[in-house]
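Here is the structure we will look at.
The values are calculated or read from the model by the stated rules, or taken from the named source; none is laboratory data. Every value quoted in this text rests on a predicted model; they were computed, and no experiment measured them. Cβ atoms come from the backbone with ideal geometry, glycine included; neighbour counts cover every protein chain shown.
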Amino acid sequence: MIRLSIQSIKPYLQDASLFEQKFNALNSFRKDKITALKKREDQCRSLAAGVLLQNALEKAGIDDRSVQFQVNEHGKLSVAEYPDFYFNLSHSGDYAVCAVADQPVGVDIEKIRGRKEAQLQRLIRHVCTEEEQECLMRFEDERQEEEFVRIWTKKESYTKAMGMGLQIPFHEVNTLKQGFYYLNETLEGYMICAATIESQTCICQEQMVTSIGRRNAECMTN
């Protein structure tokens, strides 16, 4: 099962004391990542991701300040002392998201940006398989971009679950046929996807720490 949690960065942008409070409670690894960023918005996204991971570790009985974080050659983060604690982080725009599972997991959140038609079509040709392109041609305007971003988040969450990230070319991943299990939905102009590799995995949404409160999500497979 996957536990998925989401947090808005707006409270940290609006309240410097809250930012400082949460920052001081984080592990040194996350603090270093935050301080290396120049833009305040980027710092708040990294902070929100760190807070979500800290909460997930605490729920598992792990003190995040007493463990060592490691990054593989493709950029995937893990906890050295707890190799079976599977998690993944993502952030975009106003939100950060954390997925925790009992097997390798990937998660992605992307803002639906309202791209110009020519730019969208170039991205579709570059990222999608021929079969996916044919599927997208059934939609028009805003709906086409929404479905494209849905495919993008599926691809990115899948490659992150594999621990390979962008090392796997997106045009080689067919989300209409690829054997993986996912949760995919929209949230206030954003698309979110969490994916696992192994079969028979129920993907359930546990909580969303956002302005719209809690939601329930169905178990879905592809």
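Within region 82-129, the residues that satisfy the criterion of being surrounded by fewer than 16 Cβ atoms within 10 Å (Cβ to Cβ) and within 23 Å of residue 34 (Cβ to Cβ) are 82, 111.
Take residue 140 and decide whether it is farther than 21 Å from residue 94 by Cα, out of contact with any Lys or Arg (no Cβ under 6 Å at 6 or more places or on another chain) and modelled with pLDDT of 80 or more. Considered against the rule, which asks whether it is farther than 21 Å from residue 94 by Cα, out of contact with any Lys or Arg (no Cβ under 6 Å at 6 or more places or on another chain) and modelled with pLDDT of 80 or more, residue 140 comes out as yes.
Among the residues of region 29-81, count how many are among the β-branched types (Val, Ile, Thr), under 20 Å from the mean Cα position of the chain (by Cα) and part of a helix (DSSP H, G or I).
Narrowing region 29-81 to residues among the β-branched types (Val, Ile, Thr): 34-35, 51, 62, 67, 71, 79.
Still in the running and under 20 Å from the mean Cα position of the chain (by Cα): 34, 51, 71, 79.
Narrowing further to those that are part of a helix (DSSP H, G or I): 34, 51.
Result for region 29-81: 2.
Within region 160-167, does at least one residue satisfy the condition of being at pLDDT 90 or above and closer than 25 Å to residue 94 by Cα? Looking through region 160-167, at least one residue is at pLDDT 90 or above and closer than 25 Å to residue 94 by Cα.
Where in region 83-202 are there strands (runs of 3 or more DSSP E), lying wholly inside it, with at least 3 residues that are among the hydroxyl-bearing types (Ser, Thr, Tyr)?
On the way: elements: 86-92, 95-101, 105-111, 181-187, 190-196.
Of the strands (runs of 3 or more DSSP E) lying wholly inside region 83-202, those with at least 3 residues that are among the hydroxyl-bearing types (Ser, Thr, Tyr) span 86-92, 181-187.
Residue count for region 105-158 under the criterion of being in contact with a strand residue (DSSP E or B) (Cβ under 9 Å, 6 or more places away or on another chain) and among the hydrophobic types (A, V, I, L, M, F, W, C): the result is 6.
Which one is modelled with the highest pLDDT among residues in region 63-81 that are more than 22 Å from residue 162 (Cα to Cα) and surrounded by fewer than 16 Cβ atoms within 10 Å (Cβ to Cβ)? Step through it out loud before you land on a result.
Of the residues in region 63-81, the ones more than 22 Å from residue 162 (Cα to Cα) are 63-67.
Now narrow it down to the ones that are surrounded by fewer than 16 Cβ atoms within 10 Å (Cβ to Cβ): 63, 65-66.
On the way: 63: 92, 65: 88, 66: 89.
Ranking the candidates gives 63 first.
Is it the case that region 45-53 has a residue that's hydroxyl-bearing (Ser, Thr, Tyr), over 19 Å from residue 107 (Cα atoms) and without any contact (Cβ under 8 Å) to a residue 60 or more places away in the chain?
The answer is no, given that none of the residues of region 45-53 is hydroxyl-bearing (Ser, Thr, Tyr), over 19 Å from residue 107 (Cα atoms) and without any contact (Cβ under 8 Å) to a residue 60 or more places away in the chain.
Of all the residues in region 3-28, those that are closer than 23 Å to residue 63 by Cβ and part of a strand (DSSP E or B) number 4.
Here residue 55 meets the list (1) out of contact with any Ser or Thr (no Cβ under 9 Å at 6 or more places or on another chain); (2) within 26 Å of residue 13 (Cβ to Cβ) almost entirely, failing just condition (1). A count restricted to region 45-63 and to residues that are farther than 15 Å from residue 89 by Cα and out of contact with any Phe, Trp or Tyr (no Cβ under 8 Å at 6 or more places or on another chain) stands at 4.
Sort through 104, 83 and tell me the only one that's under 30 Å from residue 60 (Cβ atoms) and out of contact with any helix residue (DSSP H, G or I) (no Cβ under 9 Å at 6 or more places or on another chain). Break it down into steps so the answer makes sense when it comes.
On the way: 104 fails: out of contact with any helix residue (DSSP H, G or I) (no Cβ under 9 Å at 6 or more places or on another chain).
So the residue among 104, 83 that is under 30 Å from residue 60 (Cβ atoms) and out of contact with any helix residue (DSSP H, G or I) (no Cβ under 9 Å at 6 or more places or on another chain) is 83.
Select from region 12-42 the residues that are surrounded by 15 or more Cβ atoms within 10 Å (Cβ to Cβ), farther than 25 Å from residue 85 by Cα and either in contact with a Leu (Cβ under 8 Å, 6 or more places away or on another chain) or polar (S, T, N, Q) (or both) and list them in ascending order. The answer is 12, 19. Go through the residues of region 148-162 one by one and say whether even a single one is buried (at least 23 other Cβ atoms within 10 Å of the Cβ) and acidic (Asp, Glu). There is at least one residue in region 148-162 that is buried (at least 23 other Cβ atoms within 10 Å of the Cβ) and acidic (Asp, Glu).
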